[in-house]
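K.L.:
Starting off with a structure, shown below.
The values are calculated or read from the model by the stated rules, or taken from the named source; none is laboratory data. The structure displayed is predicted, hence computed values, not measured ones. Because the Cβ atoms are built from the backbone with ideal geometry, glycine has one as well, and the counts that use them run over all protein chains shown. Note: accessible area is taken over every heavy atom of the protein model, side chains too, but ligands, DNA and RNA are not part of it. Shrake-Rupley method; radii C 1.70, N 1.55, O 1.52, S 1.80 Å.
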Amino acid sequence: VQLQASGGGLVQAGESLRLSCEASRRSSGPYGIGWFRQAPGKQRTFVASINWSGRTTYYADSANGRFTISRDNTKNTVYLQMNGLNPEDTAVYFCAAQPDGHAYTLARHYRYWGQGTQVTVSS
């Protein structure tokens with residue numbers, strides 16, 4: 001599975017962004033997708049994940065209520081809608097895939113990783 005994350009950018013506090021994670025066309029599934037982020041000088045942390053069907057999702061406490069993960073399997077794409085962004089959300093955001101269809105919250109459970117997309121939130 002090859003993953004392409006996009007949608008990052010520079011926004012002001014309170015604004016929104018939607019990140020996309022597109023899997024290569026060779027990836028017929030099933031695969032679960034997780035979003036993680038890494039701020040400068042900090043460890044990579046879990047943000048949200050979704051299983052193949054989209055019926056199971058998990059969120060980090062910091063994301064719950066503000067972020068929504070969803071997927072469109074016809075487009076091989078998973079989305080992370082981020083609302084109410086604040087400077088603490090500034091990080092490089094990575095998506096990862098695990099080809100068993102399940103959603104996980106630990107990075108070590110994901111086999112494939114995409115390149116990151118930078119999200120910067122100014123105060």
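K.L.:
Just to be sure, is THR45 closer than 17 Å to THR117 by Cβ and of a type in the set (S, T, N, Q)?
P.N.:
Yes.
K.L.:
Kindly list the number of the only condition in (1) in contact (Cβ under 8 Å) with a residue 60 or more places away in the chain; (2) assigned to a loop (DSSP other than H, G, I, E, B) that fails for VAL119.
P.N.:
(2)
K.L.:
Let me ask something else about it. Of the numbered conditions (1) under 19 Å from VAL1 (Cα atoms); (2) open to solvent by less than 20 Å² (accessible area, probe 1.4 Å); (3) modelled with pLDDT of 95 or more; (4) not acidic (Asp, Glu), MET82 fails exactly one; give the number of that condition.
P.N.:
Status for MET82: all satisfied but (1).
K.L.:
Out of (1) at pLDDT below 95; (2) open to solvent by 20 Å² or more (accessible area, probe 1.4 Å), the odd one out for ALA23 is which?
P.N.:
Only one criterion in (1) at pLDDT below 95; (2) open to solvent by 20 Å² or more (accessible area, probe 1.4 Å) is unmet by ALA23, namely (2).
K.L.:
Have a look at ALA39, ALA63, ALA107 and point out the one that is farther than 25 Å from ALA13 by Cβ and in contact (Cβ under 8 Å) with a residue 12 or more places away in the chain.
P.N.:
On inspection, the qualifying residue turns out to be ALA107.
K.L.:
Considering each residue of the range 86-116, count those that are assigned to a loop (DSSP other than H, G, I, E, B), open to solvent by 60 Å² or more (accessible area, probe 1.4 Å) and of a type in the set (Phe, Trp, Tyr), and give that number.
P.N.:
Counting residues in the range 86-116 that are assigned to a loop (DSSP other than H, G, I, E, B), open to solvent by 60 Å² or more (accessible area, probe 1.4 Å) and of a type in the set (Phe, Trp, Tyr) gives 0.
K.L.:
Checking PHE67 against (1) open to solvent by less than 30 Å² (accessible area, probe 1.4 Å); (2) within 17 Å of TRP113 (Cβ to Cβ), which single condition isn't satisfied?
P.N.:
PHE67 satisfies every listed condition except (2).
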